[in-house]
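Let me begin by presenting the structure, written as structure tokens, before commenting on it.
No lab work stands behind these numbers, since they all come straight from the coordinates. Just so it is clear, the model here is predicted, and its values are computed rather than measured. Methodologically, a virtual Cβ is constructed for each residue, glycine included, from the backbone with ideal geometry; neighbour enumeration extends over all protein chains shown.
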């Protein structure tokens, strides 16, 4: 039986004006935006609707903003019963509201804590990420391991986005050395990204400790459908397991390619991306050409 999957974007999908149409056209959405402003402690909706790219790029704004847009777009859709859900990095929190594991309020509190903790970890040690294009995953993994052994610097695969697109994460020096080696090995590009730090790497350990305490103290309900989590790339239904995977995600890789492959293997034929941008629609199609993809903003 063919199944309908709902997927939720992560950091990088934000844009000025995001969610404004929802706020203006839907009373329920407007109430949720106002509730979100209360929870984060500032008028994040104003930055989402009118803010500059620079303001929207701050991790402590970006993460709640993408989450708020995604979840409000989902909650104000005509009643939806997903067969399965997944989210890219931060998007996993949106997915957990969609399958009723977390309430909107609790998830937003966790996202705010996560964003601030990640920002602090970035400030503690300068670090970065780079996109590697057109090089086999195994080759990228091998080069990362070599650079770590030879230099003692942190470099790890962070985002398996789609075949031929892998993002690596680590110290500034480690990423520089790795990018050179990737190009020598035949990568079409190895491009340092304009991000705040080394997300999904061991350098996020201080943030992970803080987030773990907040997650442990939050109620996770039994979901109405499985969530395919980033770190295991498999269906998960057990709330305690969902918690552990969500904590591990901060320093572990986002296995998006493998996640989509698992969803397809379990019967997914249609993928709806809910939230800002169209990044995931493109990635899903690259992983599985036959997939029907669409988006709701």
Scoring the chain by relative contact order with C-alpha pairs under 8 Å, at least six apart, yields a percentage of 24
If you take every DSSP beta bridge whose two residues both sit in the chain, what share of them, in percent to the nearest 5, is antiparallel? 55
I'd like the projected area of region 140-297, averaged over all directions, using the convex hull of its alpha carbons. Report it in nm² with one decimal. 10.6
Report, in deg cm²/dmol and to the nearest 500, the calculated mean residue ellipticity at 222 nm for the chain, where each DSSP H run with n ≥ 4 adds -39500 (n - 2.57) and the sum is divided by the residue count. -15000 deg cm²/dmol
To the nearest 0.05, how large is the calculated FRET efficiency for residue 224 and residue 21 if R₀ is 25 Å and r is the Cβ-Cβ distance? 0.35
In whole percent, what relative contact order does region 127-192 give with Cα contacts below 8 Å and a gap of six or more residues? 46
Normalised per residue, the volume inside the convex hull of the alpha-carbon atoms of region 1-107 in Å³ amounts to 98
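Could you tell me what % of all Cα pairs in region 127-192 have separations over 15 Å?
Summing the P(r) tail past 15 Å for region 127-192 gives 37 percent.
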Taking only the Cα positions of the chain, the convex hull volume per residue in Å³ is 118
Where both partners of a DSSP beta bridge lie in region 196-297, what percent of those bridges are antiparallel, to the nearest 5? 40
Expected max-MSF residue from 138, 153, 273 in the GNM of the chain (alpha carbon, under 10 Å) is 138
